[in-house]
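First the structure, in the form of structure tokens, and then the observations on it.
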Amino acid sequence: MTNSLSDKSVPDLLALHAAVMEELRARGVLRSANGPTGDLAEFLFCKAFGWKPAANSVKAFDATGEDGTRYQIKGRRLHRRNRSRQLSAIRDLDGFHFLAGVLVDDDYRVVRAALIPVAIVRERANYITHTNSHKFMLRDEVWVIPGVTDVTDRLKAAEEQ
């Protein structure tokens, strides 16, 4: 391959990835819209806030702030074939202080992001017996709940660096 990807920005690489996934889906190779959303969410939040990522084996939180605050980080790709706002399973509502949630578009660009206190997550999450986990919908009304902090601009700035 003569074209190097090393000179491409992270957003450019993710947009290319999105195009490749669509082509693979069109060819019948893929059946879902799964992608690197969760890892991207963790990367952006840690970059934006200087949080320390937790080890992969830690189940209750994904990163720690300088002051010891624990963050569960979730991302959702708003795909043209699936506009659901349901974040991936939350297994432990007692292991973190804030849910850091981000919505990205088809090309993995930040749409909206928020820091949500765990008390709000507990109030709004639904327990799913089948998966022994909680589901949380990152709907637009979450951003107007007292105590929720909109950090969209901070994550957009991090993705541009």
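Reducing the range 73-124 and the range 130-151 to their Cα centroids gives an inter-centroid distance of 7 Å. In summary, the lysines within cross-link reach of Lys74, defined as a Cα separation below 20 angstrom excluding same-chain residues under 8 places away, comprise Lys47, Lys52, Lys59, Lys135, Lys156.
When the charge dipole of the chain is built from unit charges on Cβ atoms (+1 for Lys and Arg, -1 for Asp and Glu) and taken about the Cα centre, the candidate among Tyr108, Ser133, Ile73 whose Cα reaches farthest toward its positive end is Ser133. For Lys8 and Glu160, compute 0.36 nm times the residue count separating them, minus their Cα-Cα distance, and round to one decimal in nm. That works out to 53.5 nm of additional length. Secondary structure note: in the chain, about 75% of the DSSP beta bridges are antiparallel.
Under the simplified labelling scheme, the Leu16-Ala55 pair shows an inter-label distance of 3.4 nm, with each label point 7 Å from Cα along Cα→Cβ.
Using Cα-Cα distances under 8 Å and only pairs 6 or more residues apart, what relative contact order does the range 6-80 have, in percent?
Once normalised by length, the contact order is 22 percent.
Packing here is the average count of other Cβ atoms within 10 Å per residue, and on that basis the peptides 3-12, 151-160, 72-81, highest first, run 72-81, 151-160, 3-12.
When only the Cβ of Lys, Arg, Asp and Glu is charged (+1, +1, -1, -1), the dipole of the chain relative to its Cα centre reaches about 640 debye.
When +1 charges are put on Lys and Arg Cβ atoms and -1 charges on Asp and Glu Cβ atoms, the dipole computed for the range 79-161 relative to its Cα centre reaches about 320 debye.
For the range 47-150, rounded, prolate or oblate, judged on the Cα gyration tensor with a ≥ b ≥ c (square roots of eigenvalues), a/c < 1.5 rounded, else prolate if a/b > b/c? Because its axes are fairly even, with a/c under 1.5, the range 47-150 counts as rounded. Ordered by solvent-accessible area of protein heavy atoms (1.4 Å probe), largest first, the residues Thr69, Thr149, Thr129 come out as Thr129, Thr149, Thr69. The fraction of accessible area contributed by carbon and sulfur in the chain is 49 percent, rounded to a whole number (1.4 Å probe; ligands and nucleic acids excluded).
The values are calculated or read from the model by the stated rules, or taken from the named source; none is laboratory data. Note that the coordinates shown come from a computational prediction; the quantities given were computed from them, not determined experimentally. Counting neighbours? That spans all protein chains shown, and the Cβs are built from the backbone with ideal geometry, glycine included. Just so you know, the surface numbers come from the protein's heavy atoms only, side chains and all, with ligands and any DNA or RNA stripped out. Shrake-Rupley method; radii C 1.70, N 1.55, O 1.52, S 1.80 Å.
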